[in-house]
Amino acid sequence: MKYLHSRNRAILSEMVRTDFKVRYQGSVLGYLWAILKPLFMFAVLYILFTYIAPIGKDIPHYGISLLLGIVFWNFFSETTMIGATSIVAHGDLIRKISIPRYLVVVASSASAMINLILSMVVVIIFAIFNGVFPSLSWLLIPLVIFEFYVFSLGLAFGLSALYVKFRDITYIWEVFLQAGFYASMVLIPIQAVPVHLREWFFINPI
């Protein structure tokens, strides 16, 4: 049993390294895209909702909130979408090597977690430069990230099992992600929502 666990850990570690390398293989900027992608999206949305349609103009530190929301949503989207197709995508590997199928999903989520950690470094630096300094409440950040990871991984497990038999799952989930992005208050500050409707938005687990 001890050998089996150490073997699985070794396989998982190698799968994570391989998946992260292959993801950015051939690109000029390589791993920098893990940081640049959310930053580009943030820049466009920040200009749009601060200057063109100034929803967050009067909200303190709206830019940090927006960047943090985009980073977390990208992690959720990446974990669930890539996780959903991971078992089928690694079908040849599963047939060649006797490994638990859940390792494939965990490996894909671990790559997304690496991207999240890199992006969080940028968020923290951006926050400090904008006058938001570390406090004791920041100690809760790892717990929040862990909780969010478990939630996202759980969905990825369910989606990956369904995708084996129903290939329409990814199309349905992609539509859900597009709708969920706007329904999760990533763009719109909660202060802009009428008071009597705010409790409904907090029901959303994201």
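The values are calculated or read from the model by the stated rules, or taken from the named source; none is laboratory data. For clarity, every value in this text was computed on a predicted model and none was experimentally measured. When we count neighbours, we look across all protein chains shown, and the Cβ atoms used for this are built from the backbone with ideal geometry, even at glycine. Surface areas here come from the heavy atoms of the whole protein model, side chains and all, with no ligands, DNA or RNA. Shrake-Rupley method; radii C 1.70, N 1.55, O 1.52, S 1.80 Å.
Being aliphatic (A, V, I, L, M) and touching a helix residue (DSSP H, G or I) at 6+ places or on another chain (Cβ under 6 Å) is a property that does not hold for LEU139.
The set of residues from region 108-122 being crowded, with 19+ Cβ neighbours inside 10 Å and over 14 Å from SER152 (Cβ atoms) comprises just one member, SER119. Summed over region 54-91, the residues that are among the acidic types (Asp, Glu) and either open to solvent by less than 40 Å² (accessible area, probe 1.4 Å) or modelled with pLDDT of 75 or more (or both) give a count of 1. Considering region 171-193, the residues that are open to solvent by less than 80 Å² (accessible area, probe 1.4 Å) and modelled with pLDDT of 90 or more include one that is nearest to ILE59 (Cα to Cα), namely LEU177. The condition of being farther than 26 Å from GLY63 by Cα and modelled with pLDDT of 80 or more holds for only one of VAL123, VAL144, VAL104, VAL132, that being VAL104. Please indicate, with yes or no, whether at least one residue in region 87-106 is farther than 18 Å from SER13 by Cβ, assigned to a helix (DSSP H, G or I) and among the β-branched types (Val, Ile, Thr). Yes: one or more hits.
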